[in-house]
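Step one of this worksheet: look at the structure below.
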Amino acid sequence: MTESSSSYYQVLRVAVTATEKEIKVAYRRAARTAHPDHGGDAAAFRQVTRAYETLIDPTRRKAYDRSYAAGTLRNEDSDGEAHFDAPPAGSRASATVHRQGNARNTAGDPPVYVPPYDDSPAGGVPLVPLSVASQQVHGMPRKRGIFGAEARIQREMRTVQLLTRQVLPAIPAARLVNGLQSPADNSHIDHAVLSGYRLALIGSMLLPKGAYAWDGRTLNHGGRAIAPPQLTHVVRAMQDIFPELNVTGWTVVLNPGGNLHEPVIDNHRRSAGALEAVQVVNAAGMVRGLKEFLAAGPAPNTVNVPVLARLLRGMH
């Protein structure tokens, strides 16, 4: 197992949820096996030591986790097919990976875990325990830093409720992860929904009802221009980190009154033919568009465990 193909958690054979005690026990076991005095390899021993020194230190572990450090082994059942299934993020084109002779899986099918939990090698530890991987919602909106933004937390809670009530029940394999560290800057990604080999990053706004014109950069209403949260650079950064996925962004514009169809977002003023990495929609538009996006991917009933593990490590 080379360092380029393994995360530090895989090197020590511990889950991403491992405690300090579990990391120490795993290190002692791995060090005995890898140490040259016991027939091991010097390079492997250095790798075990680097993994331990990083994961045992809370500050270094947090920085490592929030970097979404690479480290997913190629799935044994991948049979060489590329899982990235679509043109650049934002395109509505939808090619799918489909094996000849097999019925196509649908988004409503029961979740299938890749790699399967019952195929773990002897003595192996899954990156994410099955009890955690089987949960559809991970984390909740919470205070960040010294000052709490109650309005932001309430807005994020409304988005979580919208996703859990309108999207997740239709796609059992979908996993909602709240509160990710942005890999592009010091900001946060409010919500991420992973299903199969597709990942949707979601931010939100709260605006009064009315008609808003979206021109690709700002929302215009009554002579006033409002810039939505900047997600495009975050989508691109996450696409670079997860090249096996199709990553898109969504800004949902919520209405204080709770009407899913308000405010009205007019998209007709966008540049003709422009592909957008981020869609700006109202609540009803996000529910409809997100279901279509996630369900159209290859194997939408798949829970990609290594990717889920990396997302969970990136939570603030």
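Distance from the Cα centroid of region 35-56 to that of region 18-34 is 11 Å (rounded to whole angstrom). Could you calculate the FRET efficiency of Glu20 with Ile153 from 1/(1 + (r/R0)^6), where r is the beta carbon distance between them and R0 is 35 Å, rounded to 0.05? E(calc), rounded to 0.05, equals 0.75. Ranked by solvent-accessible area (1.4 Å probe, protein heavy atoms only, all chains present), the residues His38, His138 order from largest to smallest as His38, His138. Which percent of the accessible heavy-atom area of region 177-280 goes to carbon and sulfur, probe 1.4 angstrom? For region 177-280, the apolar C and S fraction of the accessible surface comes to 51 percent.
By the rule of a C-alpha distance below 28 Å, with chain neighbours fewer than 8 residues away ignored, the lysines paired with Lys24 are Lys62. When only the Cβ of Lys, Arg, Asp and Glu is charged (+1, +1, -1, -1), the dipole of region 187-316 relative to its Cα centre reaches about 60 debye. Taking a straight Cα-Cα cut-off under 25 Å and skipping sequence neighbours fewer than 8 places away in the same chain, the lysines within cross-link reach of Lys291 are Lys209. Under a no-solvent Debye model with one identical scatterer per Cα of region 144-254, what's log10 I(q)/I(0) at q = 0.19 Å⁻¹? At q = 0.19 Å⁻¹ the computed log10 ratios are -1.12.
Here, P(r) means the percent of Cα pairs in each 10 Å bin from 0 to the largest distance; for region 170-316 it is 11, 40, 34, 13, 1.
The values are calculated or read from the model by the stated rules, or taken from the named source; none is laboratory data. Not measured: the values here are computed from a predicted model. Glycine gets a Cβ as well: all are built from the backbone with ideal geometry, and neighbour counts include every protein chain shown. When the accessible area is computed, the model is the full protein with side chains, heavy atoms only, and any ligands, DNA or RNA have been set aside. Shrake-Rupley method; radii C 1.70, N 1.55, O 1.52, S 1.80 Å.
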